[in-house]
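Novice: Okay, handing you the structure first.
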Amino acid sequence: MDRLRELLQSGRTSGALMLAAMAVALVAANSPLRPLYQTVHHAPVELRIGPFGLYEPAIGWINEGLMVFFFLLVGLEIKREVREGVLASPRRAALPLIAALGGMAVPALIYVAFTAGDPVAVRGWAIPTATDIVLA
């Protein structure tokens, strides 16, 4: 039981689960399983308390609800590390700060390089900047 608890509390386990889920989603979305993936992705989900209810497709709950909590937790964790953790000194925080800025700038620049000929598509340059924090 202690081994299971240790495994579930490990950062490596959550990272491995995140990568596995991303791999499964990428394969499903780009294979003959795409219709099933789309069905699950856009399945209606309803939360009802008495006469009041919220009705959204699953993707809406993810984008407008779960991602808010995800980025809130990431922000709180970074704040804790900056105030009292490993990143408390400017010298130790410099490299992760530079890496974070590069993690936002490089995907945006790659996106712009591929979409430079399309004035509408190039306006989406900010979209790839948010993907780095999920993988980090």
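Novice: State the percent of C-alpha pairs, over all pairs in the stretch 34-105, separated by a distance greater than 20 angstrom. Before the final figure, lay out the partial values.
Specialist: Working: 1433 of 2556 pairs.
Here the tail beyond 20 Å accounts for 56 percent of pairs.
Novice: By average Cβ neighbour count within 10 Å, what is the ranking of 43-56, 81-94 from highest down?
Specialist: Values: 43-56: 9.4, 81-94: 12.1.
Ranked by mean Cβ neighbours within 10 Å, highest first: 81-94, 43-56.
Novice: When the accessible area of the chain is computed with all protein chains present and a 1.4 Å probe, what percentage of it is carbon and sulfur?
Specialist: Values: 7870 of 10990 Å².
That fraction is 72 percent.
Novice: Seen from all sides and averaged, what is the projected area of the convex hull of the Cα atoms in the chain, in nm²?
Specialist: Details: hull surface 54.8 nm².
If you wrap the Cα atoms of the chain in a convex hull and average its projections, you get 13.7 nm².
Novice: Further question on the same structure: Quote the charge dipole size of the chain about the Cα centre in Debye, to the nearest 20; the model charges only the Cβ of Lys and Arg (+1) and of Asp and Glu (-1).
Specialist: Numbers: 11 positive and 10 negative charges, 63 e Å.
Computed charge dipole of the chain: roughly 300 debye.
Novice: Sticking with this one: Once ligands and nucleic acids are excluded and a 1.4 Å probe is used, how much of Met104 is accessible, expressed in Å² to the nearest 10?
Specialist: Around 90 Å² of this residue is reachable by solvent.
Novice: Also: Suppose all protein chains stay in the model; what accessible area per residue would a 1.4 Å probe give for the stretch 1-110, in Å²? List each step's numbers first, then the result.
Specialist: On the way: 9060 Å² over 110 residues.
Accessible area per residue, the stretch 1-110: 82 Å².
Novice: Restricting the calculation to Cα positions, tell me the Rg (one decimal) and the Dmax (whole number) of the stretch 67-132 in Å.
Specialist: Considering the stretch 67-132 through its Cα atoms, Rg and Dmax are 15.3, 47 Å.
The values are calculated or read from the model by the stated rules, or taken from the named source; none is laboratory data. Predicted model, so just to flag it, every value in this text is computed and none were measured. Note: ideal-geometry Cβ built from the backbone for every residue, glycine included; neighbour counts use all protein chains shown. Side chains are part of the model used for accessible areas, which takes the heavy atoms of the whole protein and leaves out ligands, DNA and RNA. Shrake-Rupley method; radii C 1.70, N 1.55, O 1.52, S 1.80 Å.
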